[in-house]
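Asker: Before we start, here is the structure in question, set down as structure tokens.
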């Protein structure tokens, strides 16, 4: 469960505008995301050399809060080495025509100072910086909720980042959560190989703590983040995509969910957008309660909700500024529901994360060695419109951490649990494993989706990794749209047939099961039956059939010319759709003569001539000239002169003289095979 940093230097010159694949979204009237992203964007938020480092501390800083409400204040604490001036640029992350950020404020220059060394507790490893306040921002009321970066720049152009969230308090459709506790858990500032400590042994240094190795069991938000200060660049690809798509989103930090979990009930869904590994009991309780009240959940990265933490106040009394995680029930002085161990640890906390998320962390691969996403259960509505078939793959979006369903742990309470992928990989220790993504519906009706991979967002936008995939975009849209409008349900059978057909010639008919939004209902399992108004000999209709992923194409042959109907029905689901097909005659190949009269010798009678195709349909386009002959060659016989037909039909009169069986024959003067006889 290690966090990785993405190389972003090349991003300035690579702008990938992947095709956006989603169904239409009904936008709230007060949704500010669209207008916000019409503003001028900038690449200025991207890291540029030189980046300040922890050892030299050219410029470093941290914020007094992980999130701040509009019109409220947030304080930055900045140190520079040596003392020199610095400026601060505040950027909001979004789409902005592909730029990914918008400069909201430039302040400074300020006279910077070198702040004192940070205090460290030798027992817990806690390192906190008791620095003087450097700049306090009153967040303007028109700053749209979002993830913001304060870019600190000293006079020698060294940079450092301070991320924070701006809240707007709206009951937006989606509340998007950023995991600051996870950032802090991995943060080993100062990464100087002497004193820097995180909650992990692999990047901690200095003397052993109560943990029995150099790692800390408590880490503080009152210190800069290591490196350039912002590690979760994969969240940017989600932010770019979701705001480009126009969804109504508002943003919070995980500390907001910890402190005010009931706020989740005001939204259609909670979206955990990035590496969100460390959760407190109030956070878990809030998400669980929201799900059970009908609020949908989406975990777009793997390894979410893996470790329980507690939050403690800072030495100065500021609430929730210390993240506590002993990672071992034998070390933690607190034994009970808030013991800081993995959520699946028994006897406490004993709340396997898959009971909330559907799946849980299983393993990882070396960074840069992602594997392909392999589709299962492709008929599920989540994949509607993607074209996915079982076994199809999406290159390189599974890793570096993965989840799967573990049958030896308690499962989520659901009657509709579905694994959407099964992606094999060899883990970092050489073991064979597989990753799943999952979706389930809770008894409340809420849907819960987990991607099962840290890199799901790579498929949403190609800005950093070039992996944008229209099928992953569509899958994500399907899920978010289900959060808004409900999961697709079978509504109708759509039938696509040509407006015209030729008698005796096969034509294709496509039948599509559709949901209430008119999208293909890929989970359809019914049987369709075909009937037609044309009951002529030679008509060919498909047998009763099922559809594949909600769609099927079938061959139909009609015979009788004129307006005909084709009906496709599913009696079991009370569905029936009828389409009209105009069947036009083929070219005439014979003539048909008929009369209703009983001819009398020497008396005129009328008869009809019809130019017909092989199926007995009159050919209205027939333009031939016909000549009449008779078996009666007596004097006084009167036959029609050579004539044409009108729309393939004609009425004529004749007089025969000799009693007994006689014939009248009509023959096309140009094509002798087109002929017919009246007896």
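Just so it is clear, none of the values below were taken in a lab; they were calculated from the coordinates. Please read all numbers here as calculations on a predicted model, not as lab measurements. When we count neighbours, we look across all protein chains shown, and the Cβ atoms used for this are built from the backbone with ideal geometry, even at glycine.
Asker: Suppose the chain between residue 604 and residue 642 were pulled fully straight at 0.36 nm per residue; how much longer would it get relative to their current alpha carbon spacing?
Answerer: Fully extending the segment from residue 604 to residue 642 adds 11.9 nm.
Asker: Additional query: Taking 45 Å as R0, compute the FRET efficiency from the Cβ-Cβ separation of residue 590 and residue 635 and round it to 0.05.
Answerer: Efficiency computed from Cβ-Cβ geometry: 0.90.
Asker: Using only the alpha-carbon atoms, how far is helix 281-292 inclined from the longest principal axis of the chain? Give it as 0 to 90 degrees, nearest 10.
Answerer: Relative to the chain, helix 281-292 is tipped by roughly 20 degrees.
Asker: Treating the angle as unsigned and between 0 and 90°, give the value, to the nearest 10°, between the Cα long axis of helix 234-244 and the longest Cα principal axis of the chain.
Answerer: Tilt of helix 234-244: around 50 degrees.
Asker: Which order, highest average first, do 641-647, 181-187, 455-461 follow once you tally other Cβ atoms within 10 Å for each residue and take the mean per peptide?
Answerer: Ranking, from highest mean packing down: 455-461, 181-187, 641-647.
Asker: Dividing the alpha-carbon radius of gyration of region 261-334 by 2.2 N^0.38 Å (N being the number of residues), what value is obtained?
Answerer: Computed over Cα atoms of region 261-334, the ratio equals 1.25.
Asker: Could you work out [θ]222 nm for the chain from helices alone, using -39500 (n - 2.57) per DSSP H run of at least four and dividing by all its residues? Round to the nearest 500 deg cm²/dmol.
Answerer: Computed ellipticity for the chain at 222 nm equals -2500 deg cm²/dmol.
Asker: Continuing with the same structure: Can you report the principal axis dimensions of region 590-678 using only the alpha carbons, biggest first, rounded to whole angstrom?
Answerer: 35, 25, 19
Asker: Follow-up question, since we're still on this one. At 25 °C and 0.890 mPa s, grab the translational diffusion coefficient of the chain from Stokes-Einstein with a Kirkwood Rh over Cα pairs, rounded to a whole number in µm² per second.
Answerer: On the way: Rh = 29.6 Å.
Value of D from the Cα-based Kirkwood radius: 83 µm²/s.
Asker: Moving on. Place a point 7 Å from Cα of residue 105 in the direction of its Cβ. Which residues in region 249-263 have their backbone N less than 15 Å from it?
Answerer: Nothing falls inside the zone, counting backbone N under 15 Å.
Asker: Which order do the peptides 543-551, 324-332 take when ranked by the mean count of other beta-carbon atoms within 10 Å per residue, highest first?
Answerer: 324-332, 543-551
Asker: Using R₀ = 56 Å, calculate the FRET efficiency as 1/(1 + (r/R₀)^6) where r is the Cβ-Cβ separation of residue 334 and residue 132; round to 0.05.
Answerer: Details: r = 34 Å, r/R0 = 0.60.
Plugging the Cβ-Cβ distance into 1/(1 + (r/R0)^6) gives 0.95.
Asker: Provide 311, 425, 485, 449 in ascending order of the number of other Cβ atoms located within 10 Å of each residue's Cβ, fewest first. Could you put the intermediate results ahead of the total?
Answerer: Working: 311 19, 425 22, 485 15, 449 28.
Arranged by neighbour count, lowest to highest, 311, 425, 485, 449 become 485, 311, 425, 449.
Asker: Fewest first, what order do 417, 202 take by the number of other Cβ atoms within 10 Å?
Answerer: Fewest to most other Cβ atoms nearby, the residues stand as 202, 417.
Asker: Still on this structure: Quote to one decimal, in nm, the extra length available between residue 653 and residue 415 on full extension: 0.36 nm per residue of separation minus the C-alpha distance between them.
Answerer: Result: 77.9 nm gained on full extension.
Asker: So what's the angle, to the nearest 10 degrees on a 0 to 90 scale, between helix 470-485 and the longest Cα principal axis of the chain?
Answerer: Tilt relative to the chain: about 90 degrees.
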